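Quick notes on the structure that follows.
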Amino acid sequence: MAEPKATPLLKDELDIVIPTIRNLDFLEMWRPFFEQYHLIIVQDGDPSKTIKVPVGFDYELYNRNDINRILGPKASCISFKDSACRCFGYMVSKKKYIYTIDDDCFVAKDPTGKDINALEQHIKNLLSPSTPHFFNTLYDPYREGADFVRGYPFSMREGIPTAVSHGLWLNIPDYDAPTQLVKPRERNTRYVDAVMTIPKGTLFPMCGMNLGFNRDLIGPAMYFGLMGDGQPIGRYDDMWAGWCTKVICDHLNFGIKTGLPYIWHSKASNPFVNLKKEYKGIYWQEDIIPFFQSVKLPKECVTVQQCYIELAKEVKAKLSDIDPYFTKLADAMVTWIEAWDELNPSGEAASATASK
């Protein structure tokens, strides 16, 4: 008789969110790691198309018709024909944690040849503290075989709650179109066995294809913007969410980790198509980054929602001169929070006391 499967970490406290336009055959290789968890599949594109999910997975699937039905007029804040639609899954989830993965991400192997359980590593990252206020040169001090190094203040060794775990990719790196064009054959073969906290005050490019976060702590900030159909920009959905999230995490005293786990990114997207989507973003980000580096949230903002509404006001005031798109985006940010609060009444709303 087969032994009963061990219960995985956070089995009933975590949803896996997958945006897709195709059948989810890739789940077969993830079965040993995913099948005991609940999946939220956000179908992009034509809602009349049937997406096939392998037998044995516990899932709910939402297409554009469902999004329009559930959100009504507020559905305008959810992108169409872009993987940014995944954030609808964050909104309808009722779990404490989210792991999101793209359907072209396969199970990677560590240097010994063993399959990497990416989800388990994300959970370990999220359940251990972060250290954004003082850098530890041995990286994550809470990992087995590591600790705080000499000279690390004892008063800071408790760390702070971790809100986000940002994983990486072997094989196809997450490059922008110009880099893809000049390095078409480049593959990432370097496995770096490290997890580190991104320091306070430092922004980073957040990739959404292998990402875990604490929805209770930071969920309302994980809005992937207005991208794709009808918008002048694409492929900046996760970047936008990452910049907003980092500013809010710094303000509310939460940490973000990056590094392990790796997934195997199986295919490169077309660099010419990507360039068309990205070119305005590549130009605009030279103004967007200084904006996020300098923006200050008032101490009266003590919940993620309050921080996000304040950020939306700042976006409208400071970035609308670049392009009218930012006025539309700022309005969508407010709509997103209104929709989030409707689906997640105040008892469940993410909140935190800002560090004094």
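A few points about this structure:
- Only one of 296, 267, 280 that is part of a helix (DSSP H, G or I), more than 19 Å from the chain's Cα centre (by Cα) and over 25 Å from residue 91 (Cα atoms): 280
- Residue in segment 237-246 that is out of contact with any Pro (no Cβ under 9 Å at 6 or more places or on another chain) and over 28 Å from residue 136 (Cα atoms) present: yes
- Residues located in segment 177-195, provided they are of a type outside the set (Lys, Arg) and open to solvent by 60 Å² or more (accessible area, probe 1.4 Å): 181, 182, 184, 186, 189, 191, 192, 193
- Residues in segment 94-136 that are open to solvent by 40 Å² or more (accessible area, probe 1.4 Å) and in a strand (DSSP E or B): 3 in all.
- Residue match in segment 238-257 (condition: open to solvent by 30 Å² or more (accessible area, probe 1.4 Å), in contact with a strand residue (DSSP E or B) (Cβ under 7 Å, 6 or more places away or on another chain) and farther than 16 Å from residue 130 by Cα): no
- Single residue of segment 189-233 satisfying the filter (part of a loop (DSSP other than H, G, I, E, B) and charged (D, E, K, R)) that is nearest to residue 160 (Cα to Cα): 200
- Checking residue 219 against (1) among the small types (Gly, Ala, Ser); (2) buried (at least 24 other Cβ atoms within 10 Å of the Cβ); (3) modelled with pLDDT under 95, the condition it does not meet: (3)
The values are calculated or read from the model by the stated rules, or taken from the named source; none is laboratory data. Since the structure is predicted, the reported quantities are computational estimates derived from the model, not experimental observations. Cβ: placed from backbone, ideal geometry, glycine included. Neighbour counts: every protein chain shown. Calculation scope for accessible area: heavy atoms of the full protein, side chains included, ligands and nucleic acids excluded. Shrake-Rupley method; radii C 1.70, N 1.55, O 1.52, S 1.80 Å.
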